[in-house]
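Each remark here refers to the structure printed beneath this line.
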Amino acid sequence: MNGAVMTIKEGLQEIFPDLEDLEITFDTTLADVPDWDSMAAVNLQMYLQDAFQKEIPEELLVGETTINEIVTFVGRPN
Amino acid sequence: MAAYFARLSESWGHFWQQVAVSPSSPLAPEPDLIKSQQLVIKQLADEQLTDEEKKRLVDLTNQNAKTARNYHKLFIAWLHKTLVTDASKNSAVHQQHLFWLAQIANALAPENFFWTNPMVMRRFIQSKGASLLNGYTQWFEDYRTGADTVRMTDQEAFKVGHNIATTPGRVVYRNALMELIQYEPSTAVTHRLPVVLIQPWINKYYIFDLNETKSLVRFLRDSGFTVFITSWKNPDSGMHHIGFDDYLKMGALQAVKVAQTICNVARVHAAGYCIGGTLLAGLLAWLNGNGGSGNTSPVAHASLFSTMVDYSEPGELGVYINEATLRYVEEMMHIDGYLDGRYIALAFRLLRSNSLIWRNYVHAYLMGNKAPRSEVLYWNSDSTRLPEKMCRFYLREFYFNNKLAQTDALTLAGRPIALNRIKQPLYAVGALQDHICPWPATFKIRRHAKGPVRYVLTTEGHITGFVNPPSERSKMKYWVNGRRSKATPQNWLTQQTARKGSWWQDWREWLSKKCGPKIAPPPMGHQRYPAQEPAPGVYVLEP
């Protein structure tokens with residue numbers, strides 16, 4: 001699994017500890033995560049900013065966003 | 001009653017039977033919990049764990065978590081079975097049972113405990129125990145500063161008027177209940193009719209002016225509108241006698257009058273959010289109820305954001321609306337003269353206790369993370385009190401008796417109110433995941449008002465659906481239709497095509513057609529209403 005995907009998965013597991021059974025792929029959307037909501041978006045934003053040392057816009061982290069889109073965004077140069 | 005206890009006893013026996021036959025029963029002679037405790041104690045005693053011990057600790061915690069989840073599921077299923085009977089289904093009491101059952105289930109979730117949350121344990125090992133110490137420090141700080149529940153956001157990160165609520169403007173009117181702020185124009189010309197924003201008074205006004213990119217006020221101003229906004233006084237005991245009528249006359253109506261005078265116009269556009277929208281709907285009907293029609297009202301057209309006028313299906317807040325709870329709230333308010341903002345905040349957080357209480361609890365106290373820095377959460381935590389008289393009236397007559405939806409059943413400021421007297425064009429917005437004002441409830445304005453209603457449904461919730469700035473990256477969507485029909489909300493939705501982007505742009509287009517030609521902006525204030533303190537004013541800073 002891509003390193004960035006692993007990091008994102010760990011972030012999601014930190015927010016939703018009982019997530020271990022959910023398979024996270026590039027096509028997984030945030031809405032696929034059970035109980036995904038705007039509060040989770042704020043927590044994931046904080047986590048990703050720490051993990052990737054990059055400003056993450058809130059509008060990136062909505063239900064329809066795929067893991068691939070997050071990976072692409074964090075992979076872009078600042 | 002005897003039958004109930006018999007059933008209770010039988011199901012409790014059944015529950016334990018399942019526990020006992022479980023392969024990972026806690027009745028086992030050497031529970032994994034003890035082994036993991038020994039390793040944690042070793043780590044806390046500053047003895048370095050070997051890599052093998054660390055792995056063992058994580059494995060044990062995973063095992064404990066799995067076992068705990070199984071028992072949690074069994075216990076909650078037992079509780080559910082015990083509480084829910086065929087006879088109780090679909091009753092209001094049943095909804096209350098389910099609500100409190102969810103509170104128990106969420107509170108007892110294994111993730112909320114150190115020994116059964118693998119992520120917490122992993123953080124503990126990585127930080128060599130510092131995460132738990134940080135968590136304790138944060139808990140103690142919350143306790144010391146009197147927080148009722150774990151903080152949702154970094155309270156030190158924002159200061160109103162400095163890095164939040166910063167759009168330039170001036171207070172142009174103040175009475176005992178409200179300040180009215182007029183924003184400085186940023187364009188050479190502005191539409192003739194101003195936009196008057198009637199804000200809710202359950203939180204502070206600045207949800208529509210968070211920062212430079214997340215500001216409806218700034219969006220309107222930069223689109224060539226003159227913008228006014230209400231900032232309400234945070235009431236104290238001395239304001240216990242302030243009623244909904246006062247909010248109507250001293251607040252919304254006065255705001256409209258001041259804007260009329262400053263802009264030298266006969267009519268304005270008014271927009272209300274949440275309870276501010278309910279007040280505005282009441283004002284529209286009130287103004288038209290004095291023998292007036294939509295054509296002579298000082299409000300030419302209006303927008304209602306996340307606004308309920310019909311409380312027959314109030315959504316999840318309905319669990320609090322019953323005689324016993326209302327009496328309790330009323331007795332509590334009678335002591336202080338107001339409903340404390342802390343109780344209101346807690347009531348809202350309980351509606352989403354997993355995401356608004358327990359997840360924060362785990363992050364802050366068990367993992368030792370700092371609370372997130374978020375303008376929206378900061379605003380959300382900046383709750384206000386509600387005056388006793390107004391709150392009693394609102395809960396009883398709107399939520400409990402649903403009088404606003406009934407023709408002439410509710411009297412506001414001496415006039416019976418009928419929503420079917422609203423003839424002005426309306427722009428109404430609901431949000432798909434709004435659990436405070438569910439969109440099907442906000443949809444009902446189409447049936448009650450007699451003028452044209454352009455109804456918009458946006459993605460996201462009660463706050464994020466409305467703090468919705470257009471952006472290239474935005475994945476927001478909305479559905480819109482202004483045609484009259486008798487469609488149910490769900491049928492209406494299936495008939496619409498989703499549009500990408502923010503409804504703010506659609507609203508701007510609608511407003512631009514209605515607010516007249518662009519002319520030189522009005523002055524800041526007027527000789528009757530001179531410009532006073534700079535925005536955000538004084539009331540918003542009061543604790």
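The values are calculated or read from the model by the stated rules, or taken from the named source; none is laboratory data. Please read these numbers as outputs of a predicted model, since none were measured by experiment. Heads up, the Cβs are rebuilt from the backbone with ideal geometry, glycines too, and the neighbour counts pull from every protein chain shown. Just so you know, the surface numbers come from the protein's heavy atoms only, side chains and all, with ligands and any DNA or RNA stripped out. Shrake-Rupley method; radii C 1.70, N 1.55, O 1.52, S 1.80 Å.
Annotations
- Residue, nearest to B:SER353 (Cα to Cα), within segment B:125-156, restricted to residues that are within 13 Å of another protein chain (Cβ to nearest Cβ) and assigned to a helix (DSSP H, G or I): B:SER131
- Among the residues here, A:GLN45 qualifies as touching a helix residue (DSSP H, G or I) at 6+ places or on another chain (Cβ under 7 Å) and free of Cβ contacts under 8 Å to residues at least 40 places away in the same chain.
- Subset of segment B:180-198 (residues that are open to solvent by 10 Å² or more (accessible area, probe 1.4 Å) and not in a loop (DSSP other than H, G, I, E, B)): B:HIS191
- Total residues in segment B:315-329 satisfying the condition of being free of Cβ contacts under 8 Å to residues at least 60 places away in the same chain and crowded, with 16+ Cβ neighbours inside 10 Å: the figure is 1.
- Scanning segment B:461-490 for residues that are touching a helix residue (DSSP H, G or I) at 6+ places or on another chain (Cβ under 7 Å) and aromatic (Phe, Trp, Tyr) gives B:TYR478, B:TRP479.
- Scanning segment B:498-543 for residues that are out of contact with any Phe, Trp or Tyr (no Cβ under 8 Å at 6 or more places or on another chain) and small (Gly, Ala, Ser) turns up B:SER512, B:GLY516, B:ALA520, B:GLY525, B:ALA531, B:GLY537.
- Residues in segment A:13-26 that are free of Cβ contacts under 8 Å to residues at least 40 places away in the same chain and more than 10 Å from every other protein chain (Cβ to nearest Cβ): A:ASP21, A:LEU22, A:GLU23.
- Condition check for B:ALA345 on (1) of a type outside the set (S, T, N, Q); (2) in contact with a helix residue (DSSP H, G or I) (Cβ under 8 Å, 6 or more places away or on another chain); (3) open to solvent by less than 20 Å² (accessible area, probe 1.4 Å): one failure, at (3).
- Test for A:MET6: is it hydrophobic (A, V, I, L, M, F, W, C), within 21 Å of B:ARG123 (Cβ to Cβ) and within 12 Å of another protein chain (Cβ to nearest Cβ): no
- The set of residues in segment A:27-71 being touching a strand residue (DSSP E or B) at 6+ places or on another chain (Cβ under 7 Å), small (Gly, Ala, Ser) and more than 12 Å from every other protein chain (Cβ to nearest Cβ) is empty.
- Among the residues of segment B:348-393, the ones that are among the β-branched types (Val, Ile, Thr) and more than 9 Å from every other protein chain (Cβ to nearest Cβ) come to 2 in all.
Listed here are the residues, each with its yes/no results for (1) crowded, with 18+ Cβ neighbours inside 10 Å; (2) touching a His at 6+ places or on another chain (Cβ under 6 Å); (3) not in a loop (DSSP other than H, G, I, E, B).
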position: B:TRP286; (1), (2), (3): yes, no, yes
position: B:SER297; (1), (2), (3): yes, no, no
position: B:SER312; (1), (2), (3): no, no, no
position: B:GLU331; (1), (2), (3): no, no, yes
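- Hey, B:ALA255 assigned by TED's automatic domain parsing to the domain that holds B:PRO536 and assigned to a helix (DSSP H, G or I) or not: yes
- Test result for B:ALA431, in contact (Cβ under 8 Å) with a residue 24 or more places away in the chain, within 14 Å of another protein chain (Cβ to nearest Cβ) and in contact with a strand residue (DSSP E or B) (Cβ under 6 Å, 6 or more places away or on another chain): yes
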